[in-house]
Structures are given as structure tokens and as C-alpha cells.
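For reference, the structure is listed below as C-alpha cells.
The values are calculated or read from the model by the stated rules, or taken from the named source; none is laboratory data. As the structure is a computational prediction, the values presented were derived from the model and not from experiment. Reconstructed Cβ throughout: ideal geometry from the backbone, glycine too, with neighbour counts over all protein chains shown. Surface accessibility is based on the protein's heavy atoms, side chains included, excluding ligands, DNA and RNA. Shrake-Rupley method; radii C 1.70, N 1.55, O 1.52, S 1.80 Å.
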Amino acid sequence: MLANIGVPLAAPFHADPFQEEALEAIREQDVIVTAPTGAGKTWIAVEAIRRELERGGRAWYTSPLKALSNSKYVELKRSFGEDTVGIVTGDRQENLSAPVLVATAEIYRNRLYDFLRGECDIDHGLVVFDEAHYVADLDRGVTWEEAWIFSPPSVRCLLLSATIANADQLATWMAGVRGTSVRIVATRHRPVPMETLFVYPDGWRLGPFWESGRRVHHDVREAANQGRGASTGPRGPRRFRRSVLPRDLISLLRRHDLLPALVFMGSRAACDEAAEAFARQGRRIEERRERRIQEVLDQIVADVPALAGHRHMESVLRAGAAAHHAGHHPAWKLALETLMAEGLLDALFSTTTMAAGVDFPTRSACITRSVLWDGRDERPFLARELQQMTGRAGRRGKDRVGFAVVVPGPAMDVDEIAHALRSQPEPIESQFKASYTMALNLLGAFDPKQVRELLDKSFAQYQRAITVRDLRAEADALERRVPTSGETRGVLRRRRKHLTDLRIQADHLEEGLWREFERYVAVLRHFGYVGVDDRPTPEGLWAALLRLDHPLLLAEGIRNGAIVPDRSIVAVAGALAGGDREFKRNPELPAEVGQAIVRLVTIAQHIEHIERQLGVAERPMVNVSAAWAMDRIVTGEGWPQVDCDEGDLVRLAWRTVDVLRQLGNLVDTHPQLAFEARHWMHRLQEDPTLVFE
């Protein structure tokens, strides 16, 4: 299994058949490409964009994450030149007239809203949707559905993903709703084959994870049984009492020439501790690598002086190992990604939730847990989530084979991990849901009957229709069933109740999306943003431009004097952007900021009361500690000491910039407020802690 380790012979690039098929199909059709991570999906996108440019056209490249958008921006500029590519995210806008625009999916969806309202034209012929399986994301998936529904049929949609199991269902729906032909181009071939290894609990031995028939190897099961914690019992999960120390893991991989490695861990703290342990171990990398690492780090510090003296500088420079997670400054993560791409690091420790944001392959991908914290609960990995992680193993042109490495520990159950590894990716399910932004923008472009027709076109309704058909078929079969003489009244009563339940469930599914939409409209009507004619009022027209998580709270804050054109606008924007992260315990706010926040909290409580009455589950949030943090940033006293990671604070600042940008859109109706918002937005964008390439 280890005999094939090494670098393949240099060979000229030749497109694989699936790449050529997709590139040919996108000329006349929408295309869904499903292929393993590292198979070359991006090549298809780049060549399709090149062709669009050659015929004088324009293109968008969308991704679900700002970090990925930034990465693709750099990559596409290398391919097409600085003047040809621009970027639009919530906090970054550069070269907007370029024929190729890189953006988050939400930005592209917002452009389509403007198009529906008659405020702009659609002048592009191609849009790429990277990581298209995000349509199944619980919080943001609706954005992708809206983008596919509202993109004109003249625009070719290229969907890229490693994990869309029900691509045929998605293609059938897209063809029906867009009136286009949709081609599925699928391959399971990995350009770099992958093997699965197991690290034995002593940290010194390595062996195959599978035996014949994709069964867990006997020796692995035996190790799991011997290492099982006392509390699990003889039939409990095959988990382990102790973890293999990260430094022992990397030493083992080094002995077998399995570096560089990407090690997925369960928490930010675990990643940081692993990196810091490397700084203490005393082993140094070779001088040539150290010099090049120093050059990259010096450049990052020159761009972002706040990173001078970063606590992991020593582990990166001396030991070639680092932690990479959302708690670190984005510029620091970008430096690590540059070092990893150049082959200068031996190990990168990353949280499992960062798998989608890691856009570089390694020789080995190490899995230390069989469970994932999804922001709500701890649960076993879905197959598509685990495959996103293990798909990083194997570098095209640098490795003949890649390795997924299963590492024992208290959170590793070999049966759970084996099930996820051998399973096919789960079918994606629509997460389409109504929102205030959707309601205001659709009612501004269509009458209610047309809006209902649009909702009926959603992938959610398409999938629900299949479920409804099955429920009604079951109900009909139950109704036709002739009672037997042996059935009691209780059995017949339970059958009738089951029949009624089936019909109610079917009716609810059929009407669910429209009823949900109507509830949002009812709240907007209560606050005066939608009239009795179901059209946006003058207030509703400007509120439709506030395209973020809680636009109603933002709009009511403006109308009721909580958001005013002075410095407090930054703190208030921060309060709306902060989510549920605690930035400071018991923060003390300046008087004028405190008064604005009190008003905003009162408004939020009133909105929540009305939402509860009308059946809307939004629950607007005002984060006082985020208001404090953003107010300290704009006082000119430097970035504050906070009770969170630096990356969280930078992300708060970016999100605050996004809120200020939304307020800056209100130049026609609230010119003073828009001017003040833009002023502070530009001030934040010029902060050296936020500016980096």
C-alpha cells in the first residue's frame, strides 16, 4: 500500500473525458458536474470562462464562502489578467466593470433581485456555481435556488460539486423551472488514487484500515476493542480511551513519507495546542524552507502589522506546522495556505468545520473524530462531509497516491467512520424558505399570484410534490382496503386516524411554502412595509435594498431613530452583525451608543412579539458586546482586547462593513444616513488590520 508513495513522472496536461464533455455541453446547455475533489472541476470553469471572453461575453464565478471567493479571485487574475477580473463580496468591491466577476452566491442573487425590479440588465452569458451542494445548507441554501430560478434562460449555469448524489433529480427540476436543457457530467474517477490507513493507538504503527470487501480490518477492530473506554460496555461504540499525540502522529507520517498532512481536529483549541506543541519539540526544518517561510511571513506582517509576533510564528518558522481555523486572522490563514501550496509546511491542523474552506490538497488527510459539531449538535459525519475532508488527500502532479488516515481517540468510532467512508453522498434536500428580503423584492416585481407560481417552481416544492404523491398514494391504498372480520373497532379507529393524518400532512406540504411566505408578508404589512394591495409601500421599496439577515430590524431602527447619521452608526451596525458571539463580558458603552442600543433592543423585542403572534420564527438579535467592539475600533485607539479569537473580531468588522454598505444604498431616501454609513465603511476598509491581498 505504501509502495506507490512518490512523485509521478512529469507529463503534459491532457483534459480528462469528463472535462471535455462538460466544456462542450456548456456551449448550449446548463451543466451539472459531479466529480471528486481534485478531479479538475475548476479547469472546466476556467476554460468555459475563457471561451465566453473570446466571444466577447461576460461571466460570474460564485462560491459559498468569502475565503473561497478571494482564492478564486487570485487564481482567475493569474489566468486572465488583472484588468479582466473583479470581485464583489459583502466587504470587498474591486474592478466592478471587469468582464469576469467573482462573488459570493448572495451577491449574485442580489443582482438578480435588481434585475427583476428593472434596476439593471443581465449582460453575462455564463455563471459558475462552485460547491453547488450548498443548496442543501440549512441557513443559506435558499440563495442557490433563487439564483437558478431567477437567472434568465439565456445565461448558462455551470454547477460544480463533489457531492450531489441526486443530480438527476436536480437536473430534471432545473430543466423544468428554467426551460433549458440540463446535462449531467459525472465521474467517480480520482486522478490521484486514495488509500485508507489506520494509526494504531501506540502511535508507532500504521496499517490498512480496510480488508477485502471494504470491511474494517480485523486488526483495526481488535485495536478498537482493546482501546475501548470502560464506560462504553462490550457492545458500545468502538472508541478509544486516549488520543495519539499530534506530534507522534506527524513523526509517524514523516517516517513513512506521508507528509505534508492536513489533520482535522475537533476544536480551535485542539488545533492551537497541536501547533504550539511543535514549537516546543525542538526539531527544526531545513534552512532552505525556513528562509522561504520567513519571506512569506515577513510580507504578511508588512501588509498587516497586527500579525507581528503572532503566537504561532515560531511553530511555523521552526517546525513547519501550523493551526488553521476560523479563529485566526484571515491574512494569517492566507499565508498558511500559500506556504502549504508551495510544499513548505509538514502539517496543518484544521477544524472539521473548515473542510469546505480549505482549498489546497495534501498527501495525507488525517481524521481524528467520527463526529462533527454542526453549530447545533454533535452528530456523526454525513458521507458528503467526510468525503469533502478526505478528498484533499493526493496532489495532482505531486503524488502517485493520496492517503486518508484514521486516527484513534475518544471521539473516534471506527464503525461510524467506516460507514461514512464507504457510503455514497446523501441526496441533497432543498432548504428553501421565505424571508423578508425575498418578500419585499418579489412583491416589488410580481403580483401575489405570480409570486405563488414562483414559489411553486422551487426545488423544495418539487421535492415536496414527490412526497405528497407518495402520501396520497398511501392514503388511497389505505382507504380502498376492505376491513376484515377480525379487526376490532380500535384497529379501525387507528386506521382512520392514520388516513386523516396522511391527508393533513399532504395538504400541509402542498401549501407550506406559500403559507410561510404569507406569514412574512403579514409581519411586513403590520409594520407598514406592504400595503393592503400586497405591494411594497414607499418604506417597503427602500427596505427591499437591505439584503441581510434581519432587514426588518434594520429598517425599523432607521424609522424609529435608533440608527442615525453619527459615529454610533458603526456600533449599531456591529450589534446587528455580531450574531451570538460574545466579544466582551459586561461591556461598558459610551452614553450616545448605549442610548441607540437600548432603542434598538426595544425595537427588536417588539418585532419578536409581533413575529410570535403571526407565526414567524426569525428572532432578531442585538449583540451589545459586538457594538462595544466596533465602537472601540473606530475611536482610533486601536483594536480592542476582546474575549474571543482575532478571526472572530475581523469577521465582525467585515460583517459590519456589509451592514454599512446596505445602509449606503439608501442614498435616494436617506441621503445623510447613506453618506455617514459610506464614510465609516471606507474608514474600516482602510484599516491595515483588514486590508490584505
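Overview of results
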{"quantity": "Spatial separation of Cα centroids for the stretch 420-461 and the stretch 630-693, in angstrom", "calculated": "32 Å"}
{"quantity": "Separation of the Trp639 and Asp566 label points, Cα + 7 Å toward Cβ, nm", "calculated": "2.9 nm"}
{"quantity": "Unsatisfied cross-links (Cα-Cα over 32 Å) in the set Lys41/Lys584; Lys77/Lys584; Lys72/Lys584; Lys66/Lys433; Lys66/Lys584; Lys72/Lys449", "calculated": "Lys41/Lys584; Lys77/Lys584; Lys72/Lys584; Lys72/Lys449"}
{"quantity": "Estimated [θ] at 222 nm from DSSP helical runs (n ≥ 4, -39500 (n - 2.57)) normalised by residues in the chain, nearest 500", "calculated": "-15000 deg cm²/dmol"}
{"quantity": "For Cys366, distant residues with modelled amide H under 5 Å away", "calculated": "Leu262, Val263, Phe264, Val405"}
{"quantity": "Computed E for Asp456/Glu378 - FRET, C-beta separation, R0 41 angstrom, nearest 0.05", "calculated": "0.65"}
{"quantity": "Percent RCO, i.e. relative contact order, over the stretch 559-693, from Cα pairs under 8 Å lying at least 6 residues apart", "calculated": "33 percent"}
{"quantity": "Extension gain from Glu474 to Arg493, taking 0.36 nm per residue of separation minus the Cα-Cα distance", "calculated": "5.1 nm"}
{"quantity": "Under 14 Å, Cβ to Cβ, from Pro620 - net charge with Lys/Arg +1 and Asp/Glu -1", "calculated": "-3"}
{"quantity": "In sequence order, calculated HN-Hα J values of the stretch 426-436 (Karplus, 6.51, -1.76, 1.60; Hz; x Gly/Pro)", "calculated": "5, x, 7, 10, 4, 10, 4, 8, 6, 7, 5"}
{"quantity": "Residues of the stretch 107-159: accessible area per residue with a 1.4 Å probe, Å²", "calculated": "30 Å²"}
{"quantity": "Net length gained if the chain between Glu82 and Gln605 were fully extended (0.36 nm per residue, minus Cα distance)", "calculated": "183.5 nm"}
{"quantity": "Per-residue ³J(HN,Hα) for the stretch 529-541, Karplus 6.51 cos²θ - 1.76 cosθ + 1.60, θ = phi - 60°, Hz, x for Gly and Pro", "calculated": "9, 10, x, 5, 8, 6, 10, x, 6, x, 5, x, 5"}
{"quantity": "Other-chain or far-sequence residues with amide H under 5 Å of Val304's (modelled H)", "calculated": "none"}
{"quantity": "Relative contact order for the stretch 487-593, counting Cα pairs under 8 Å that sit 6 or more residues apart, in percent", "calculated": "11 percent"}
{"quantity": "Long-range HN-HN contacts of Val102 with modeled amide H, under 5 Å", "calculated": "Tyr61, Gly86, Ile87, Val88"}
{"quantity": "Neighbourhood charge, 15 Å Cβ-Cβ cut-off, centred on Arg183 and excluding it, Lys, Arg +1 and Asp, Glu -1", "calculated": "-2"}
{"quantity": "Sulfur and carbon atoms: percent of accessible area, the chain [1.4 Å]", "calculated": "49 percent"}
{"quantity": "Added length on full extension, which subtracts the Cα-Cα distance from 0.36 nm per residue, Arg481 to Ala15", "calculated": "161.9 nm"}
